[in-house]
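A short worksheet on the structure shown next.
No value in this document is a laboratory result; all are computed from the given coordinates. Please read all numbers here as calculations on a predicted model, not as lab measurements. Every residue, glycine among them, receives a Cβ derived from its backbone with ideal geometry; neighbour counts consider all protein chains shown.
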Amino acid sequence: MSTKVSSPSFIRSQNYENFLVILLRFSLVFVLLLPLVVNSTPFPDTIFPYLMGKALFFRISVEVMFIFWLSLLLINSKYKPKVSILLFVLGLFLFISLLSSLFSVDIDKSFWSTLDRMDGFIDLFHWFVYFLILISINVDWNAWIKYFNYQLIVGFVLVVLGLFEVLGFNSIPLILSGTSNGVTLGNSSYVAFYLSINFFIALALLSSSLVRDKSEIISTRASKRRAMKNLDSPVFDSFLIPRIFWSISIVLILVLFNFVAIDFHWISFSLGIITFSGLYIWLGKVNIFRTIVMGILVIVPVLLAALVDFENEFNSLISGYQSGGISYFGHISTQIGPFLSRPIFGWGPGNFLTAFESQIDTNFAIYFYNGGQIAYNYFAEKIISLGLLGLISILMLWGTIFYILIRNLKIVDKDKQIFLIVITGAVLSYFVQQLFIEETHVSKLQIFILISFVYFVDVTGNQVSLLNNLQEQINKRFSFYKRFLNPFVRYINFSLVAVSCFLVIYLIVFVNIPIYQGSKNIIKTMDSELEWSDRVSIYNDSINSFSPLSNHYRMMFLNETLTNFNSIQEEEFDLVMDFIQKIHKEGIDQDPNDWRIHVASAGIYQYASVNELSLLQKSSEFVVQAKNISPNRIEIVQVQALQDFAEGNLSQGFNDVVSYIDKDPASLVHFSSLLFVFADQFQIEIMNGNNYIVEENKAIELISLIAPQTDRMVYVRATHHLLRNEVEIASSLIELHIKSNQFVGNKIIELKAVIDSRLK
């Protein structure tokens, strides 16, 4: 039986307790707006507009709710979460994630993640707090039915926005140009993920309403008043309007899903449908529904076979690499190596790429060229990041979720049973999708709502819990200490709330707001007319806004300097180079395994060495440090070749590139620009009497395999023939190119003049 904690009279007031409960209910509904949060018009722009606003919106909301929740616990202990095996397993996963973060190769990245992901342990802890608050406030079926409906209302808005985008309406609020059906999530794949889960929720609500007894519908005012006192009373006076809403939602979800889903989404979506259909045939209590789902079990596989190219999907699992992710079964040795080096707690959350790149081989490097994303292999990412203990805790969590759902299917009423069965299909669909699609804040919101609901099902299932028995034994054993501490409980509780208030204020003022300010401030650098002195100042402010996430801004500045190096004025040169030296040192101090900082800095120093040869020594040091971290990255091979080029070791640099291409022919496309640079220089050297004929031939041969007939390609090939006195061949190449193109560059015109003079 719950007890009220001794506190001052104004805190014990029932009105204050009710006020906090209402405030928390409102806040929990407010969090459901997360999918619609985008940092674009009408809101201020930030970097990563589809991510930044969502992450900070969620964190600040949870932090504020946490204070309300603690205050509520002080007033009445009945809001304390009940002991459950699911709560224990989720807490175990959180604890192992904490240990993995503490023993991480990069603690900052494990706790705070990176600016382009905004997850890490800190984010996970916020989700755990959200889970605790949600299970404390939603303690009956009606509360959950309402919460799912609020979620569907937000989803309905997103679906409408998505259909407007599909139909080509311009200037839609919250949707940025340049995305392909990304709606407010920024990626059509994430939209399909979100829609599939909302489909199951709408279907669960609709199907459960169809099997409810008519006697459960509230029909009179007196019955409404009585129902308000009953926690398990029906939510709706009539199911007509809700059923219309659920039906429309299902139809519109399917329409938009058809536009945004790819083969894999259809597979995971269908698996969820097949799962709940099979479960209802096995355990269902309404015969007409069993007949319907039998038909579904026949129709869905047929439709799936017509919609999905299974052979292509299977091949991508076996050996293909998708958008910077790894296949499930390709390059197993590359996945196992990092795990064996840190098998217990892994490399730490957020450090998968660091681990993976330490043992990346030549044939794999192309699939991570110019960036590289989180692995699409969920289990590989988790076991490398969190270690064996982390993977075990995740499997325990998912196993517990499915166990609770299936265990309760046999003991609940028919309306609740079909609801649970459809939700089981939703959970399975989510599980399958997350194996291949990285989680986002929106997908995390969906799964934590589902996990919280499963917890509710568990604690209300009237099952004898081993954990409850264990808790009773612990309470008996420590009863003496509780009696001893009882006079101090009030002061301890108030101290806890006071400390928590201070912590929340600190997080909002000194963490979340600075992160937001830095991400908003950096948008100013998109102005191409901005002076470099102003650019340096803006980047410096963003870097200093929040240190654990500052390396992203450093890389942005380095890449921008590489791209626009020629725009740096002589009077700005020293300022820019001093700033680069500063951020390089700070960046490597923060993340010693970030080879990208070395590569970008080396490239800048190579450019700058044209005016000051002494800078080549510095760039050489950066190249060596990058190679020590990940020697087989294409970017590192490129910058090493450019270093050799700048130092005059043309043959060495070129031969290293050719050797790499021989090992992995698919990488040739990424070396085309570099091969042009070498080909041009070889031709200059040949004109000056140096013997680079073999190298020049090889460069032309490789370029010809991939390069289209652009001005640059024709110029190199024509010059190649001129050097061998094959003037007529060179002339025909130029003439054909001029006839085939309405406009040609000055270099082609100049070369044509040279050829014409040679022909005379």
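Summary of computed values
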read-out: Extension gain from Gln517 to Lys739, taking 0.36 nm per residue of separation minus the Cα-Cα distance; value: 74.5 nm
read-out: Cut-off 20 Å (backbone N to label point 7 Å along Cα→Cβ of Arg724), residues of region 649-681; value: 675-681
read-out: Distance (nanometres) between label positions extended 7 Å along Cα→Cβ at Tyr403 and Leu388; value: 2.1 nm
read-out: Label-point gap, in nm, between Asp116 and Ile22 - each point 7 angstrom along Cα→Cβ; value: 4.7 nm
read-out: Val624-Thr710 pseudo-label distance in nm [points 7 Å out on the Cα-to-Cβ vector]; value: 3.5 nm
read-out: Top positive-direction residue, dipole computed over region 527-647 with Cβ charges, set Met577, Ile604, Gly587; value: Gly587
read-out: Phi-based couplings in Hz for region 550-555 (Karplus 6.51, -1.76, 1.60; Gly and Pro marked x); value: 7, 5, 5, 5, 4, 5
read-out: FRET efficiency, 1/(1 + (r/R0)^6) with R0 51 Å, evaluated for Asn655 and Thr460 via beta carbons; value: 0.10
read-out: For region 390-466, the Rg and Dmax computed from alpha carbons only, in angstrom; value: 13.0, 37
read-out: Distance-filtered residues of region 54-74 - backbone nitrogen under 12 Å, label point 7 angstrom along Ala498 Cα→Cβ; value: none
read-out: Ordering of 431-444, 181-194 by packing [mean C-beta count within 10 Å, highest first]; value: 181-194, 431-444
read-out: Extension gain from Ile684 to Glu612, taking 0.36 nm per residue of separation minus the Cα-Cα distance; value: 23.7 nm
read-out: Cα gyration tensor shape of region 612-682, rounded if a/c is under 1.5, else prolate or oblate by comparing a/b with b/c; value: oblate
read-out: Out-of-range pairs (alpha-carbon distance over 18 Å; input Lys520/Lys585; Lys109/Lys382; Lys520/Lys582); value: Lys520/Lys585; Lys520/Lys582
read-out: For region 527-647: rounded, prolate or oblate by the Cα gyration tensor [a/c cutoff 1.5]; value: oblate
read-out: FRET efficiency, Val677 to Ile749 (Cβ-Cβ, R0 22 Å, nearest 0.05); value: 0.50
read-out: Karplus (6.51, -1.76, 1.60) ³J(HN,Hα), θ = phi - 60°, over region 295-312, in Hz, Gly and Pro reported as x; value: x, 4, 5, 7, 6, 4, x, 5, 5, 5, 5, 7, 8, 10, 8, 5, 4, 5
read-out: Anchor Lys410: aspartates and glutamates whose Cα lies under 15 Å away (excluding residues fewer than 8 positions away in-chain); value: Asp458
read-out: Whole-Hz ³J(HN,Hα) from phi, Karplus 6.51 cos²θ - 1.76 cosθ + 1.60, for region 596-613, glycine and proline x; value: 4, 5, 5, 5, 5, 5, 4, x, 5, 5, 5, 4, 5, 5, 4, 9, 8, 4
read-out: Linear extension gain, Asp263 paired with Ser732, 0.36 nm per residue minus alpha-carbon span; value: 164.0 nm
read-out: Net dipole in debye of region 527-647 [+1 Lys, Arg Cβ; -1 Asp, Glu Cβ; about Cα centre; nearest 20]; value: 640 debye
